[in-house]
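Here is the structure we will look at, set down as structure tokens.
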Amino acid sequence: MTNKHIEVKQVAGFIGAEISGVDLSRPLHDDAVKEIRQALLKWKVVFFRGQNIDHAAQVAFTARFGEVTYAHPHEDEPIEGFSEILPIDRSRYERRNGLRRSSYESRWHTDVIAVVNPPAASILRAVNVPSSVPR
């Protein structure tokens, strides 16, 4: 399949592709959204590098793929004004539950597959990315 609005580059054997050629901070052409959806269905995980989007742009992008759900019914409060976004931040977790790394690492997740009507996908946006992850 040839894409007219995006570029897709495979990054792993059977799962994972990087999508470029789009600016997620701006409204996308319907055909670009269709191509992104097709890439997601084929590769299961897609990455958009170098994007500079805020909460509103993330929600607007997400809405192009269907109804946007509440962030997570069993986790911290979502961001004020953006009930669809759950901030994942180790320091927030540690303030609430104390320093329990093994518990945090084994319990952390972003999906809401346990709800009656789970969403088709989760969209993660990295805001602060460390140069390395502590073990």
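Being part of a loop (DSSP other than H, G, I, E, B) and of a type in the set (Val, Ile, Thr) narrows it down to one residue among ILE19, ILE15; which is it? Step through it out loud before you land on a result.
Values: ILE19 fails: part of a loop (DSSP other than H, G, I, E, B).
Only one candidate qualifies: ILE15.
So, of the residues in segment 20-62 that are over 16 Å from the mean Cα position of the chain (by Cα) and acidic (Asp, Glu), which turns out to be surrounded by the fewest Cβ atoms within 10 Å (Cβ to Cβ)?
Step by step, filter segment 20-62, then rank; the result is ASP30.
The conditions are (1) modelled with pLDDT of 95 or more; (2) touching a helix residue (DSSP H, G or I) at 6+ places or on another chain (Cβ under 6 Å), and TYR93 fails exactly one of them. Which is it?
Only one criterion is unmet by TYR93, namely (1).
Could you give me the residue pairs with C-beta distances under 7 Å whose first residue belongs to segment 4-31 and is in contact (Cβ under 8 Å) with a residue 24 or more places away in the chain and under 12 Å from VAL46 (Cβ atoms), whose second residue is of a type in the set (Gly, Ala, Ser) and part of a strand (DSSP E or B) wherever it lies, and which are 6+ apart or on separate chains?
VAL8/ALA17; GLN10/ALA17; VAL11/ALA17
Considering only residues of segment 24-45 that are outside any helix (DSSP H, G or I) and of a type outside the set (A, V, I, L, M, F, W, C), which is farthest from THR62 (Cα to Cα)?
By that ranking, first place goes to LYS44.
Quick check, is SER20 touching a helix residue (DSSP H, G or I) at 6+ places or on another chain (Cβ under 7 Å) and among the polar types (S, T, N, Q)?
Taking the combined requirement at face value, the residue does not satisfy it.
The values are calculated or read from the model by the stated rules, or taken from the named source; none is laboratory data. All values derive from a computational prediction rather than experimental measurement. Positions of Cβ are generated from backbone atoms using ideal geometry, with glycine treated the same way; all protein chains shown enter the neighbour counts.
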